[in-house]
1. Just checking, which of ALA464, ALA475, ALA452 is touching a Lys or Arg at 6+ places or on another chain (Cβ under 8 Å) and away from the ligand (no atom under 12 Å from the Cβ)?
2. Could you check how many residues of the range 499-518 are farther than 12 Å from ASN487 by Cβ and touching a Ser or Thr at 6+ places or on another chain (Cβ under 8 Å)?
3. Looking at (1) buried (at least 16 other Cβ atoms within 10 Å of the Cβ); (2) closer than 30 Å to HIS165 by Cβ, which is the one condition that is false for ILE9?
4. Within the range 499-517, is there a residue that is open to solvent by 30 Å² or more (accessible area, probe 1.4 Å), more than 8 Å from the ligand (Cβ to nearest atom), among the hydroxyl-bearing types (Ser, Thr, Tyr) and within 30 Å of VAL407 (Cα to Cα)?
5. Would the range 60-67 turn up any residue that is touching a Lys or Arg at 6+ places or on another chain (Cβ under 7 Å) and either more than 21 Å from GLY173 (Cα to Cα) or in a helix (DSSP H, G or I) (or both)?
6. Taking the condition more than 16 Å from the ligand (Cβ to nearest atom), buried (at least 23 other Cβ atoms within 10 Å of the Cβ) and touching a residue at least 24 places away in the same chain (Cβ under 8 Å), does ALA488 pass?
7. Report yes if some residue within the range 156-175 is out of contact with any Phe, Trp or Tyr (no Cβ under 9 Å at 6 or more places or on another chain) and more than 30 Å from ILE21 (Cα to Cα); otherwise report no.
8. Can you find a residue in the range 465-473 that is open to solvent by less than 30 Å² (accessible area, probe 1.4 Å) and of a type in the set (S, T, N, Q)?
Amino acid sequence: MFRSIRWRIAAAFAVLLIVCIGGLSAYLSHFFHDNYMHNLRAQLADQARLVGDASESYFVGGETGSLDSLAKRLGEQIDARVTIVGLDGTVLGDSDEDLLEMENHSDRPEIIEALEEGTGGDVRRSETVHREMMYVAAVIVADGATVGVARVALPLTEIDAAMGHINAVIAVGAVIAATLGVLLAFQMTRITVDPVRRLTRISKDMAEGNLSQEVTVASRDEVGDLARAFNRMAAKLKETMSLVTAERDRMAIVLESMSDAIFVVDGEGRVTMTNRAAGKMLQVPRGAAAGRHFIEVVRDHEIDALLQKCLEKREQQTGLVEIRSRRQLLNIIATPFQEDRGCLLLIQDLTELRRLETVRRDFIANLSHELRTPITSLKALGETLSDGAVDQPSLARDFLEKMNAEVDRLAQMVQEMGDLSRIESGEVPLQKRAVNVADVVERAVERLKAQADRAGLRLQNQVASDLPPVTADDARLEQVLVNLMHNAIKFTPPGGQVSVSAKAGDGSLVVSVSDTGVGIPEDDLPRVFERFYKGDKARSSGGTGLGLAIAKHVVEAHGGRIWVESVEGKGSTFSFSIPLSC
Ligand code: ADP
């Protein structure tokens, strides 16, 4: 309870009030008491002088024996104890007591003082009446000489009663004032502290993320100023938060749409954030990375070593890492954060880039190889002719025919390359219409029948005539079939078989050309559709290495797909799909 400002202020105020009011009450009580005693003493002194005046004649006339009855009479009149004492201290008259029983009063302080100074007083407990009494005495003067002392005494019971009453009034007043004071202090602190408590409650709410709050304090005092400053701060905070949130959302979109993997790692090497690309590239399930150690998530020591070095040295680290199990080539850039001990890891997948680079290198190597072969033989034939063979007509004709064949080969290559680049760039628009594939297969089989016969192969057309039509450019489709069948014939030893089949599937027609030929090694399978790609067994054969690349582009331009299944030494099956006409 006393931890609250409200209670502390109220308690301090109450203590202060009680001390002040208590002090004031004590002072007032003392003051009233003194005043009362002073007045009583003055009043008793006057009465003592009057008693003295009344008894003077008795002393002058030598009638001191009657002083006792005078004292009794006067005592009754003024309702006080009256005592008349001779100069030697003998009690000559007393209103309350029997003279015979009274001792000499010369030792009484008020009598001594009166004889010295004219009047004297004392407060003490009377052994005769057993009460606290005030005694006031005055000398009795007759004919200019002091003849005795008149004394008046009153019990202080009345004063005590009066003081008791006054003290009670003061005490009640003090209690009422203290209670009102405490209540007032409590109320005042409540009015002051309540807005502060509201501020505290709202601050807590804001700390939990509820920023759309405002404190309403109408007062123009310091608390009001604090509340207004608080509201301004809250508005500014809200504005800043929405800016930060917008910025964070933008960053999140940027991160998510990046093709590079991002890992944010803390000083202990624990992953705090990843993007979608990170999950895809390193096969980390979404949400499984956060809070785990980087090495557990990525499971690659080379990448982890780069990260550890970056965390240790607080310097950017880069490196190429090859993940053999997934045939991936990754470029790692680990950058330390300036403001904390963490680190940002950016991982670029260079696998596709490396593949394209290989394709480009192979393309150039193959192209130059393909060009070099006919050019070299043309040159050799030309040189032989000019060295004298030209004079031997039969030899010269044979050489010229060979030269012609080489030129034809070059021309075919140029033609096919031109076709390929035109198909690739979409320069040759497809003349699509509903086509019966059986007819196209029939035409292609007819074209290659003689070639198959020459190669000692059986060419089988297994395509049913009642297949649903496809939407295609039939001339291009025939070109694809001829390319596939031509290869099948070329790569199948005599006695083998080449067959063409087709079947309608889900929304498309799949056409397959199978052979019982040499087959394709497994490692070469992904590359056969690259331009100029030739398998080892095909190096010496004629052909440009462009046939399958052209077939692939034609099929894909139709919205289809081409693929190969092959077992080395047993044969191959090339298949492609073409969407059915709707
Ligand atoms: P090429 O002009 O050399 O035939 P292609 O693009 O048509 O060029 O074929 C590329 C390579 O694919 C060939 O060199 C060969 O190694 C391989 N290939 C294609 N078809 C077959 C097949 N039916 N059997 C075995 N290998 C094949």
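1. None of the others qualify; the one that does is ALA452.
2. Here the count works out to 11.
3. (2)
4. The answer is no, given that none of the residues of the range 499-517 is open to solvent by 30 Å² or more (accessible area, probe 1.4 Å), more than 8 Å from the ligand (Cβ to nearest atom), among the hydroxyl-bearing types (Ser, Thr, Tyr) and within 30 Å of VAL407 (Cα to Cα).
5. Within the range 60-67 (the criterion being touching a Lys or Arg at 6+ places or on another chain (Cβ under 7 Å) and either more than 21 Å from GLY173 (Cα to Cα) or in a helix (DSSP H, G or I) (or both)), the answer is no, since none of the residues qualifies.
6. Criteria not met by ALA488.
7. Scanning the range 156-175, I find no residue that is out of contact with any Phe, Trp or Tyr (no Cβ under 9 Å at 6 or more places or on another chain) and more than 30 Å from ILE21 (Cα to Cα), so the answer is no.
8. No, the range 465-473 has no match at all.
The values are calculated or read from the model by the stated rules, or taken from the named source; none is laboratory data. Bear in mind the structure is a predicted one, so any value in this text is a computation, not a measurement. No Cβ is skipped: glycine too gets one built from the backbone with ideal geometry, and neighbour counts run over all protein chains shown. Remember, those area values only see protein heavy atoms, side chains included, never the ligands or the DNA or RNA. Shrake-Rupley method; radii C 1.70, N 1.55, O 1.52, S 1.80 Å.
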